[in-house]
């Protein structure tokens, strides 16, 4: 009996310490989940497109739109993964009006093909959510030769949005939501090397593309004034998705065994990461709001670089040239 008591005395502090750490981690995680979009809305009759809808934040966005009755098109790079996710969402939501269509944002031809197919099936578009993105990619180029972060996160979505503007205007009041990131604060548009030909850094390339998202949103909002089409940009926060799968550090044993539990407590779930996107897409109080930046379902200030209207116009004109718009 004395041996047992002695053993308990030795291990009790360890169990208490682990319990305290566990409770703190759970509390921190609950706090980090951010605000929720709790308003009940009926989206029956509305048509929405969500890029990258088969995984992560996009999938949660599609699922919630489907639950609210919308007809949702998932624009997915991977045809098989898109179809599998679509079947699962239809089964979960009992909404048969959810469709997966291939759209590889790293190929402008694929974007055009997706839009052509969509317009053959639908004559309206109420909500466009530019959600898909790449993060920390090794140096690679899109089909047309653009640096991958810039090409997918900005240029592909720029063309997609432009090709759908006629339907959005026709369906007004309608909304565009662009998913950016707090990382835009560290971004800078490399005017002399925007395609990273002279120097490449994964982090800088990503931050530049997220800054481009906000500059694009602000300029588009200016151009759409009075049309009934609004466009806003959101920061979803850091969510536990697969977007960081290319970072070698997170593949190490140290990260997997020691840092992963810590990071878990600091990250939002994919469902909570999608809340600000849903807020920007559905909240009735934003009917007349355009050109704004939201985080945790609240308006936020953007970095000074994101308020540079001249840079926004320059980027717009360059994007028109890159995508062949107006030629």
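Structure data summary
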| read-out | value |
| --- | --- |
| Theoretical gain in end-to-end length, residue 67 to residue 44 [0.36 nm per residue, Cα-Cα removed] | 7.3 nm |
| Ranked list, fewest to most other Cβ atoms within 10 Å of each Cβ, for 88, 60 | 88, 60 |
| Distance in nm between pseudo-label sites at residue 201 and residue 137 (7 Å out along the Cβ direction from Cα) | 2.0 nm |
| In range of the label at residue 313: residues from the range 209-231 whose backbone nitrogen is under 17 Å from the point 7 Å along Cα→Cβ | 215-225 |
| For the range 28-160, convex hull of alpha carbons as volume per residue, Å³ | 126 Å³ |
| Centroid-to-centroid separation of the range 138-172 and the range 78-99 [C-alpha atoms, Å] | 24 Å |
| Ascending count of other beta-carbon atoms within 10 Å, so fewest first, for 110, 96 | 96, 110 |
| Separation in nanometres of the label points that stand 7 Å from Cα toward Cβ, at residue 81 and residue 283 | 3.0 nm |
| Global form of the range 33-323, assessed from the alpha-carbon gyration tensor, a/c cut-off 1.5 | rounded |
| Relative exposure of 136, 322, judged by other C-beta atoms within 10 Å (fewest first) | 136, 322 |
| Beta bridge orientation in the range 33-323: antiparallel %, DSSP, nearest 5 | 10 percent |
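Values in this text are rule-based calculations from the coordinates and carry no lab data. Please read all numbers here as calculations on a predicted model, not as lab measurements. Using ideal geometry, Cβ is built from the backbone for each residue, glycine included, and neighbour counts are taken over all protein chains shown.
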